[in-house]
Amino acid sequence: MGYFVAVAEELHFGRAATRLHMSQPPLSRAIKQLESDVGAPLFVRSPAGVTLTPVGTVLLDEARALLGHADRVRVRVSTAAGAATLTVGILGDGTDPGVARLAAAYRRRHPGIDIRVRDTDLTDPTCGLRAGLVDVALTRAPFDETALTVRTLRADPVGVVLRADDPLARHDRLRPADLSDRRWFQFPRGTDPVWQSYWNGGRPREGPVVRAVQECLQAVLWNGTVGLAPLGHDLPAELAVVPLAGMVPSRVVVAWNDGDTNPLIRSFTEIAATAYRRH
């Protein structure tokens with residue numbers, strides 16, 4: 001059912017496969033098998049993507065309800081067995097002091113809960129949330145928030161990362177126009193377009209493809225590439241970061257799937273809000 005929901009929400013097999021971190025052929029086969037089991041087509045396919053049939057629309061509501069119920073049963077059974085778990089996806093810099101405060105507070109509140117952490121790269125700002133790999137994500141916005149609940153914890157100003165010997169590194173502040181002729185690091189094709197647009201300064205760019213924070217930094221060091229990063233993070237001496245005027249701050253957020261009533265997630269979001277307010 002998770003495969004069907006992904007295609008139904010993305011309305012595109014390619015995007016759904018990317019979201020599920022799988023290739024498209026097995027996803028297509030799984031949907032065809034489901035249509036065979038149901039006895040009716042679930043999607044109208046076209047070169048531009050897919051749309052739901054009336055049967056698919058009904059099944060989508062039921063599938064979401066079934067997946068939500070399955071999650072709630074899993075938590076209740078695990079809790080009763082004394083083995084409740086919460087899988088947390090964390091994007092990028094896990095050294096943020098807010099993460100340490102959150103972890104300590106959550107352990108105090110729920111000492112018997114097994115916390116599993118999934119550290120993710122920059123190609124999936126939901127940290128595997130849409131694919132069902134995590135229960136809750138501690139990440140950065142903006143990204144496509146369809147079918148997700150997102151709560152802002154903090155907003156960080158953003159700057160331009162440059163080599164320390166770059167002439168632009170001597171400026172106190174830069175404007176997007178100052179970077180119009182520069183190469184930027186970019187994310188792989190299929191990355192959330194809202195996320196991609198934000199970190200590319202609002203328009204398509206050319207430059208090396210990166211997947212992780214360290215790859216971003218190495219792209220600047222080796223290629224003279226420029227890119228954006230939240231201010232306040234420690235960087236190697238060979239790099240500099242200059243504030244970028246007119247850039248909307250990068251929001252640290254906690255996100256989870258719409259309708260998920262897992263009490264462990266609800267407690268996580270409340271504790272996270274408190275932990276980040278103390279920053």
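What follows is calculated from the coordinates using simple rules that are stated; it is not laboratory data. Keep in mind that what you see is a predicted model, and the values were worked out from it rather than measured. We place every Cβ from the backbone using ideal geometry, glycine too, and count neighbours over all the protein chains shown.
Here are a few things to note about the model shown:
- For LEU153, nonlocal amide neighbours, meaning residues 5 or more places apart or on other chains whose placed amide H falls under 5 Å from its own, are VAL252, VAL253, VAL254.
- Whole-angstrom Cα spans of the chain along principal axes, big to small: 65, 52, 27
- Loop sites here are GluC sites (Glu not before Pro) outside DSSP states H, G, I, E and B with no more than 13 other Cβ atoms within 10 Å. The longest part of the chain free of them is 1-205.
- As a calculated quantity, the FRET efficiency between ALA65 and THR146 at R0 = 25 Å, using C-beta atoms, amounts to about 0.90.
- Linear extension gain, ASP181 paired with ASP121, 0.36 nm per residue minus alpha-carbon span: 18.9 nm
- Residues in region 142-179 reached by a label modelled at ALA103 [backbone nitrogen below 13 Å; 7 Å Cα→Cβ]: none
- Given their separation in residues at 0.36 nm each and the Cα-Cα distance between them, ARG173 and SER23 gain 49.7 nm when the chain is fully extended.
- 0 to 90° range, to nearest 10: angle between helix 213-223 axis and the chain longest Cα axis: 40
- When +1 charges are put on Lys and Arg Cβ atoms and -1 charges on Asp and Glu Cβ atoms, the dipole computed for region 85-208 relative to its Cα centre reaches about 300 debye.
- Relative contact order (%) - criterion: Cα under 8 Å, at least six apart; region: the chain: 22
- Once the C-beta distance of GLN214 and ASP258 is scaled by a Förster radius of 35 Å, the resulting FRET efficiency is 0.60 to the nearest 0.05.
- For region 130-135, Karplus couplings with θ = phi - 60° (6.51, -1.76, 1.60), whole Hz, Gly/Pro x: 5, 7, x, 7, 9, 8
- C-alpha long axis of helix 54-80 to longest principal axis of the chain, angle in °: 80
- Report summary: the helix-based calculation at 222 nm, which adds -39500 (n - 2.57) for every DSSP H run with n ≥ 4 and divides by the residues of the chain, gives -12000 deg cm²/dmol.
- Placed amide H near VAL158: partners under 5 Å, 5+ positions off or other chain: LEU231, LEU244, SER250
- Most mobile listed residue (ASN257, ASN200, ASN223) in the chain, GNM with C-alpha springs under 10 Å: ASN223
- Stretchable slack from LEU11 to VAL248, in nm (0.36 nm times residue separation minus alpha-carbon distance): 82.4 nm
- The angle separating the long axis of helix 263-277 from the principal Cα axis of greatest extent in the chain is about 20 degrees.
- Region 161-279, relative contact order in percent, only Cα pairs under 8 angstrom and at least six apart counted: 34
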